[in-house]
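Novice: Let me begin by handing over the structure; questions about it come next.
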Amino acid sequence: MGIIKIVRVYDDNTEQRTYKADIEFEKVYKGTTTFKTMNVRGLIGNSYSGACEVDVLPNERYLIFLNPSNNTYSISSCTPKSKLGNKPTKAEKSWLKSQEKVFTYLDNN
């Protein structure tokens, strides 16, 4: 779980209705940062929320909770996440600080 930034999106797979997103980690609360690419459910600019598909764009930031499946990370509209602003605001920093306290408490208990 952590804060990621979408670097680029590419490689539409129309058969599987997936594409790839390269990411950067801004902060990790728990887990690993050994991966730099994740699969995204949907097609670039043409996703259906009813099918759990999602559009992500370069420079978007998310607080995200990911679990690997066969050492592959994927995101969909059903993935637990919160979209953040492109640049952290004072209010966002305060909210993230309170979330960090919750994550620490849950991790310890």
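The values are calculated or read from the model by the stated rules, or taken from the named source; none is laboratory data. Here the structure is a predicted model, which means the values were calculated and not measured. Methodologically, a virtual Cβ is constructed for each residue, glycine included, from the backbone with ideal geometry; neighbour enumeration extends over all protein chains shown. Remember, those area values only see protein heavy atoms, side chains included, never the ligands or the DNA or RNA. Shrake-Rupley method; radii C 1.70, N 1.55, O 1.52, S 1.80 Å.
Matching residues to (1) surrounded by 13 or more Cβ atoms within 10 Å (Cβ to Cβ); (2) among the β-branched types (V, I, T):
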residue	(1), (2)
Y10	no, no
R17	yes, no
T32	no, yes
T37	yes, yes
L43	yes, no
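Novice: Restricting to the stretch 1-18, name every residue that is in contact (Cβ under 8 Å) with a residue 24 or more places away in the chain, under 17 Å from S69 (Cβ atoms) and not basic (K, R).
Specialist: M1, T18
Novice: In the stretch 53-65, what residues are in a loop (DSSP other than H, G, I, E, B) and either open to solvent by less than 30 Å² (accessible area, probe 1.4 Å) or in contact with a helix residue (DSSP H, G or I) (Cβ under 9 Å, 6 or more places away or on another chain) (or both)? Reasoning before the result, please.
Specialist: We begin by selecting, within the stretch 53-65, every residue in a loop (DSSP other than H, G, I, E, B); these are 53-60, 65.
Of everything in the stretch 53-65, those that are in a loop (DSSP other than H, G, I, E, B) and either open to solvent by less than 30 Å² (accessible area, probe 1.4 Å) or in contact with a helix residue (DSSP H, G or I) (Cβ under 9 Å, 6 or more places away or on another chain) (or both) turn out to be E53, V54, V56, E60.
Novice: Can I ask one more? For V40, which of the numbered conditions (1) in a loop (DSSP other than H, G, I, E, B); (2) over 23 Å from T104 (Cα atoms) fails to hold?
Specialist: Failed condition: (1).
Each row is one residue, and each column tells you yes or no for (1) of a type in the set (G, A, S); (2) in contact (Cβ under 8 Å) with a residue 60 or more places away in the chain; (3) over 17 Å from K81 (Cβ atoms).
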{"site": "M38", "(1), (2), (3)": "no, no, no"}
{"site": "R41", "(1), (2), (3)": "no, no, no"}
{"site": "N46", "(1), (2), (3)": "no, no, yes"}
{"site": "G50", "(1), (2), (3)": "yes, no, yes"}
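Novice: Okay, next question. For the stretch 81-109, name all the residues that are under 18 Å from T33 (Cβ atoms) and assigned to a loop (DSSP other than H, G, I, E, B).
Specialist: none
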